[in-house]
Ligand code: MIG
């Protein structure tokens, strides 16, 4: 009998797996009951439903309404999210009216209509009454456990989902880090932070969870942030032509609805709600070099020396896991790095800062172990103080039965900190004094999905309980926020322990809100052309999801690259916020000089150009900090009305001035470039092009096609080999007049290191140029802010193809100046 049933069982298993891979049928879920009554307060309306469920709408801003639904019970008093930065909003003007069918909440911009039976929510533009987004079916939950077998932890929650009508021509963007194209229509995604080395397009989930998306139809956009940290699902018309739905394996149906119609407004609000990036030190924009791993210290010094001797810019060198004593975080291997302080000092003198990797795994080293005897700081008896302290203070994660959770990561058996405990976060943050005292300038958080070699799906962690503000909740709820809280502990620790410097943190995994604490890179990419091409939609989507400081391993992390791939990678990487070459342990070396002189010379040219562009890049980065608009942008963010940009993901813009169309395939020296309407200048030749069309351009290996938007002014400084090597003086402003002869820009400056910019210690000037009867008039505005970088010389020139343009100079002293350029 066994023999007969076995094949059947195998088949069922296979069938079961294929079903799991396909979409959940949310139409079979149980729908929320009809509205039976509602109650108003100063900012909320709470609806009670026939099935005892409750739905609450909260007016936060004229363009921001929160929806919170719980099934078959009342909305609980506890309302906590790690993602939210701003909880107290000034209640805007709003009103409520009801009729037999529905209750309508109206702000100056938005109408939320709640239909009583069935309960359907619809958002409309308050001015035009046009529908922006509406429920396709009532919010629903898995009352009958239909999806239980597919859940990570069926005992941790009930599957919930909201379904929205899919627009005929609706496009979807955002969702943070996904190995997918820019426009996510017809795709489905899962959020479950996962360590996925060597991922390729289509791999899902990967490292991060940013459950925020933007819908765009006919030029009008809205945003939805589904703030739920359980394993979540987004389906943008993948399983049906009717709906775009999102759901999660537990928690509340808790989402924020952002009215557009402009994506920039949505992104501004989203980053007001979840926070914006603090400015990193300016040197974080410098060139960075990494390798798994450079050691001993003489090897690091050799790499730095090579950089300097070859006249290649370098600001940061990264120490990967082998700097530690047997992978013990907060230690240095005493043989490889006998005197870390002297080592970092010696690099500092060459203008190079050190960033060290810090993994969450703390080596499990119980008292009986006598193994490690030497070179562990503060451990004269050979003890590993991090483990001892963490254990003693009960900061490590435990299983439901109280046993310590012991994952297997780089140190072997390890422990993870429960970062949901505020005292544990403080402890972890303060441990970083060890690095600060040793002159380390930044921290790189890896493996924080958290990865566990035992089981990358999280299965080995299923019964891990987190303190979670006293709620004692499950891994199902907390996996996706682990990295956010580790990064928070790190950031706050650096901030506390070195308060005159801006923290610099890099993370692999994340949840929404991560931008408040950390920059990111997209993990273990392949050294392939496909992976290079995928960089663009990934960076652009991250930018549309609140993460402005992004990058990837230049040249790719896994596999064998070549000179051409490395050059083309730098032609993207030299303009990404995070510009770092990195390679895996067993990979081939790929420092800029590895493939020979012709390649090295091209890479040098682009790295030098990056440093010359620092005034422009830093000004653009400050805009990200202040407004949430990313530095690395899809064209559709700047040209929302231009449908040709809606799925354009092989070109990008830096801010709103520079358009870059890199080569993303081998052996290619020509490509098509789409230029949006307006006039564009070829960056290299200043030749003018009319936009609103595709043009074909040459792109031999040494050239990446770049265009400047007419109407922009690009400020540039001297080329240098590290930030601070030279004064950014003189500044050259190249003016690219538009059709009316006008152009403008801003220039932002501060000390590049301290947090004083937050209290006004910066200098911002605006520069405007317009065509006069003869030549151009240039207005340098009076400086805003209290920072005084000293007087600088400014030079202005008009981008001109046909003839060499004249130059006019002025002393930049913070005062207003008017100049004429004939
Ligand atoms: O299991 O620290 O993504 O950048 O070099 C691999 C070693 C762990 C993964 C990171 C990669 C890093 C590597 N790490």
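Considering every residue within segment 594-613, establish whether at least one is modelled with pLDDT of 95 or more and on the phi > 0 side of the Ramachandran plot. Looking through segment 594-613, at least one residue is modelled with pLDDT of 95 or more and on the phi > 0 side of the Ramachandran plot. For residue 579, the conditions (1) closer than 15 Å to residue 526 by Cβ; (2) within 16 Å of the ligand (Cβ to nearest atom); (3) at pLDDT 95 or above all hold with the exception of (1). Filtering segment 583-593 to residues that are away from the ligand (no atom under 16 Å from the Cβ) and either under 16 Å from residue 299 (Cβ atoms) or at pLDDT below 95 (or both) leaves only 593. When you check residue 573 against the structure, is it in contact with a strand residue (DSSP E or B) (Cβ under 9 Å, 6 or more places away or on another chain), within 16 Å of the ligand (Cβ to nearest atom) and modelled with pLDDT under 95, yes or no? No; evaluated as a whole, the condition is false for this residue. When the residues of segment 407-440 are filtered to those that are out of contact with any helix residue (DSSP H, G or I) (no Cβ under 8 Å at 6 or more places or on another chain) and under 16 Å from residue 494 (Cα atoms), the one that is surrounded by the fewest Cβ atoms within 10 Å (Cβ to Cβ) is 423.
Restricting segment 693-715 to residues that are touching a residue at least 40 places away in the same chain (Cβ under 8 Å) and over 29 Å from the mean Cα position of the chain (by Cα) leaves a set whose member that is surrounded by the most Cβ atoms within 10 Å (Cβ to Cβ) is 701.
Annotation note: Cβ proximity below 6 Å between a residue of segment 494-515 that is in contact (Cβ under 8 Å) with a residue 24 or more places away in the chain and within 21 Å of residue 318 (Cβ to Cβ) and a residue that is part of a strand (DSSP E or B) and within 16 Å of the ligand (Cβ to nearest atom) (sequence gap 6+ or interchain) occurs for 504/442; 505/443; 506/444; 506/519; 507/445; 507/520; 509/208; 510/208.
Of all the residues in segment 345-358, those that are buried (at least 24 other Cβ atoms within 10 Å of the Cβ) and not in a strand (DSSP E or B) number 1.
Checking each residue in segment 104-142 for being part of a strand (DSSP E or B) and surrounded by fewer than 17 Cβ atoms within 10 Å (Cβ to Cβ) picks out 131, 134. Of the residues 157, 145, the single one that is surrounded by fewer than 18 Cβ atoms within 10 Å (Cβ to Cβ), farther than 16 Å from residue 223 by Cα, at pLDDT 95 or above and out of contact with any strand residue (DSSP E or B) (no Cβ under 7 Å at 6 or more places or on another chain) is 145.
Pairs are defined by a Cβ separation below 9 Å, a sequence spacing of at least 6 or placement on different chains, a first member in segment 426-455 that is within 19 Å of residue 481 (Cβ to Cβ) and part of a helix (DSSP H, G or I), and a second member that is at pLDDT below 95 and away from the ligand (no atom under 16 Å from the Cβ); no pair meets this definition. Residues that are within 16 Å of the ligand (Cβ to nearest atom), over 22 Å from residue 578 (Cβ atoms) and not in a helix (DSSP H, G or I) within segment 297-328 comprise 324, 325, 326, 327, 328, listed in sequence order. If you filter segment 64-80 down to residues that are surrounded by fewer than 18 Cβ atoms within 10 Å (Cβ to Cβ) and either in contact with a helix residue (DSSP H, G or I) (Cβ under 9 Å, 6 or more places away or on another chain) or free of Cβ contacts under 8 Å to residues at least 12 places away in the same chain (or both), you find that the one that is farthest from residue 134 (Cα to Cα) is 77.
Could you tell me whether residue 759 is without any contact (Cβ under 8 Å) to a residue 12 or more places away in the chain and within 30 Å of residue 516 (Cα to Cα)? Criteria met by residue 759.
Residues of segment 788-812 that are in a strand (DSSP E or B) and free of Cβ contacts under 8 Å to residues at least 12 places away in the same chain: none at all. Listed conditions (1) assigned to a loop (DSSP other than H, G, I, E, B); (2) closer than 28 Å to residue 145 by Cα; (3) at pLDDT 95 or above are all met by residue 89, apart from (2).
Looking only at segment 46-63, filter to residues that are in contact (Cβ under 8 Å) with a residue 24 or more places away in the chain and closer than 19 Å to residue 125 by Cα; which one of those is surrounded by the fewest Cβ atoms within 10 Å (Cβ to Cβ)? Selected residue: 62.
For segment 746-765, does any single residue satisfy the condition of being over 25 Å from residue 811 (Cα atoms), over 29 Å from the mean Cα position of the chain (by Cα) and modelled with pLDDT of 95 or more? No, the conditions are met nowhere in segment 746-765.
Close contacts from segment 186-214, counting a first residue that is touching a residue at least 12 places away in the same chain (Cβ under 8 Å) and on the phi > 0 side of the Ramachandran plot and a second that is within 16 Å of the ligand (Cβ to nearest atom) and assigned to a strand (DSSP E or B), with Cβ to Cβ under 9 Å and a gap of 6+ residues or different chains, come to 198/526; 198/558.
Conditions (1) out of contact with any strand residue (DSSP E or B) (no Cβ under 6 Å at 6 or more places or on another chain); (2) over 23 Å from residue 548 (Cα atoms); (3) modelled with pLDDT of 95 or more, marked per residue:
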| residue | (1), (2), (3) |
| --- | --- |
| 645 | yes, no, yes |
| 662 | yes, no, yes |
| 668 | yes, yes, yes |
| 673 | no, yes, yes |
| 677 | yes, yes, yes |
| 689 | no, yes, yes |
| 699 | no, yes, yes |
| 702 | yes, yes, yes |
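Within the span defined as segment 278-294, every residue fails to be more than 19 Å from the chain's Cα centre (by Cα), within 16 Å of the ligand (Cβ to nearest atom), part of a helix (DSSP H, G or I) and free of Cβ contacts under 8 Å to residues at least 60 places away in the same chain. Residues in segment 232-249 that are surrounded by fewer than 24 Cβ atoms within 10 Å (Cβ to Cβ) and touching a helix residue (DSSP H, G or I) at 6+ places or on another chain (Cβ under 6 Å): none.
Just wondering, is there one or more residues in segment 530-543 that are farther than 16 Å from residue 444 by Cβ, within 15 Å of the ligand (Cβ to nearest atom), at pLDDT 95 or above and assigned to a loop (DSSP other than H, G, I, E, B)? No. Among the residues making up segment 445-468, a single one is surrounded by fewer than 20 Cβ atoms within 10 Å (Cβ to Cβ), within 14 Å of the ligand (Cβ to nearest atom) and within 23 Å of the chain's Cα centre (by Cα): 456.
Residues that are farther than 26 Å from residue 271 by Cβ and part of a loop (DSSP other than H, G, I, E, B) were ranked within segment 544-558; the one that is nearest to the ligand (Cβ to nearest atom) is 557. Scanning segment 515-529 for residues that are within 10 Å of the chain's Cα centre (by Cα) and within 16 Å of the ligand (Cβ to nearest atom) turns up 518, 519, 520, 521, 522.
Note on segment 614-648: residues that are within 22 Å of residue 519 (Cβ to Cβ) and under 22 Å from the mean Cα position of the chain (by Cα) amount to 21.
The values are calculated or read from the model by the stated rules, or taken from the named source; none is laboratory data. Since we're looking at a predicted model, the values are computed, not measured. Because the Cβ atoms are built from the backbone with ideal geometry, glycine has one as well, and the counts that use them run over all protein chains shown.
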